[in-house]
Amino acid sequence: MSLFDRFTKKENKTFAPSSVLPAIIETLNQAGYKAQRDTDVCVVYDDDGLYCYFWYSERDPEFLLAQVCFQRETIPTGSELLLHQVCAKVNASQKAGKAYIDEKGDLMLTVEALIPSGSPIDRLALHMAKALAAATAFFYFTYRDLTGDKTE
């Protein structure tokens, strides 16, 4: 190994698909989130009272999804069109986070990532959690901006 390689190559922990969710739980807990295993493909964590999820399946080992869902009845508007407008503005402005209305009418905010072999799962999970929080905050900022609602 050359001297140059010693300083430029970073040691990436390679991961086995079975270790992805446990690594995410450990990383999120170290960062102060209260993460725990929900199902065999899901981790739930608390982000200041907002329950968010990481979804990962060994059947699709290169895909990781962070998600938060708001049930339709918790969103203070009766206008489906307004929600779609807010989602469109969020999607146009956010690079990582996406917002959409699912088939039940619930609001979904997601951050998706492809995991190349050798990727550091710990840093990726933290970046995804922060991107999801930013997308959620941006959704509410955009919603208040479009509705003129200035309440917190």
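Points to keep in mind about this one:
- Here segment 132-150 is the region considered, the condition is being buried (at least 19 other Cβ atoms within 10 Å of the Cβ) and either within 14 Å of the chain's Cα centre (by Cα) or of a type in the set (A, V, I, L, M, F, W, C) (or both), and the residue that is nearest to Leu65 (Cα to Cα) is Leu132.
- Considering segment 119-131, and only residues there that are among the aliphatic types (A, V, I, L, M) and out of contact with any helix residue (DSSP H, G or I) (no Cβ under 7 Å at 6 or more places or on another chain), the residue that is surrounded by the fewest Cβ atoms within 10 Å (Cβ to Cβ) turns out to be Leu124.
- Any hit, segment 16-39, residues being charged (D, E, K, R), part of a strand (DSSP E or B) and surrounded by 13 or more Cβ atoms within 10 Å (Cβ to Cβ): yes
- Subset of segment 74-85 [at pLDDT below 85, under 22 Å from the mean Cα position of the chain (by Cα) and not polar (S, T, N, Q)]: Ile75
- Just one residue in the set Leu109, Leu65, Leu126 is out of contact with any Lys or Arg (no Cβ under 8 Å at 6 or more places or on another chain), modelled with pLDDT of 90 or more and part of a strand (DSSP E or B); that residue is Leu65.
Residues are listed down the side, and each one gets a yes or a no for (1) out of contact with any strand residue (DSSP E or B) (no Cβ under 9 Å at 6 or more places or on another chain); (2) over 23 Å from Leu21 (Cβ atoms); (3) not small (Gly, Ala, Ser):
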position	(1), (2), (3)
Val68	no, no, yes
Pro76	yes, yes, yes
Cys87	no, yes, yes
Asn91	no, yes, yes
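- Within segment 111-152, tally of residues that are in contact with a strand residue (DSSP E or B) (Cβ under 7 Å, 6 or more places away or on another chain) and of a type in the set (Lys, Arg): 0
- Failed item, numbered, when Lys98 is tested on (1) part of a strand (DSSP E or B); (2) buried (at least 20 other Cβ atoms within 10 Å of the Cβ): (2)
- Selection of first residues in segment 84-100 that are touching a residue at least 12 places away in the same chain (Cβ under 8 Å) and of second residues that are outside any helix (DSSP H, G or I) and polar (S, T, N, Q), restricted to Cβ pairs under 6 Å at least 6 apart or on distinct chains, gives the following pairs, ordered by first then second residue: Lys98/Thr110.
The values are calculated or read from the model by the stated rules, or taken from the named source; none is laboratory data. Bear in mind the structure is a predicted one, so any value in this text is a computation, not a measurement. Quick reminder, even Gly has a Cβ in these numbers, built from the backbone with ideal geometry, and neighbours come from all protein chains shown.
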